[in-house]
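> There's a structure below that I have some questions on.
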C-alpha cells in the first residue's frame, strides 16, 4: 500500500516539557528558556525523538498495528516552539518509508530519514 501522509504540527513548550518528563531527557536546551536564550539557538529546541514520535503517530493513525523494523534519522536544523512544522511520511508499506519534518515558513528540513515497517 502506497502512503502519502502529511499534517501540520505547531510545537509547544508544554510538549517539550512533557516529553522531557516522559523520556528523562531534561537537557536545558529543551526545557529551560532562560538557559536556551544564551545559546546559539536563542530559545528552546525540540527533542529529536519528539519530532519522530509525531511522525510515528501520523503513521499509526493511518495504519494501526504497523510495526517498526529499523530507522535512520538526521536533524539538520532546530525545531522551535510556535513555528508550524510539516510532517510527512511517504512510501510503500510494508517496506521502507521516507520520513520528513520541514519548517513550514522557510522549508528548512528539521528531520530527514527512513523507517522500515512491517
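The values are calculated or read from the model by the stated rules, or taken from the named source; none is laboratory data. Given the structure is predicted, the values throughout are model-derived calculations rather than measurements. Positions of Cβ are backbone-derived with ideal geometry, glycine not excepted, and every protein chain shown enters the neighbour counts.
> Could you give me the residue pairs with C-beta distances under 6 Å whose first residue belongs to the range 27-40 and is free of Cβ contacts under 8 Å to residues at least 60 places away in the same chain and on the phi < 0 side of the Ramachandran plot, whose second residue is surrounded by 12 or more Cβ atoms within 10 Å (Cβ to Cβ) and part of a loop (DSSP other than H, G, I, E, B) wherever it lies, and which are 6+ apart or on separate chains?
29/45; 30/44; 30/47; 33/44; 36/43; 36/44
> From the set of residues in the range 80-91 that are in contact with a helix residue (DSSP H, G or I) (Cβ under 6 Å, 6 or more places away or on another chain) and surrounded by 18 or more Cβ atoms within 10 Å (Cβ to Cβ), which is farthest from residue 50 (Cα to Cα)?
The residue in question is 89.
> Here is a follow-up. So, in the range 92-107, of the ones that are in contact (Cβ under 8 Å) with a residue 40 or more places away in the chain and surrounded by fewer than 16 Cβ atoms within 10 Å (Cβ to Cβ), which residue ends up farthest from residue 10 (Cα to Cα)?
Among those that are in contact (Cβ under 8 Å) with a residue 40 or more places away in the chain and surrounded by fewer than 16 Cβ atoms within 10 Å (Cβ to Cβ), it is 92.
> Another question about this same structure. Sort out which residues of the range 20-54 are assigned to a loop (DSSP other than H, G, I, E, B) and buried (at least 19 other Cβ atoms within 10 Å of the Cβ), and write them in order of number.
Answer for the range 20-54, where residues must be assigned to a loop (DSSP other than H, G, I, E, B) and buried (at least 19 other Cβ atoms within 10 Å of the Cβ): 44, 45, 46, 47.
> Okay, moving on. Pull up the range 1-11, narrow it to residues that are farther than 11 Å from residue 85 by Cβ and exposed (fewer than 12 other Cβ atoms within 10 Å of the Cβ), then point me to the one that is modelled with the lowest pLDDT.
1
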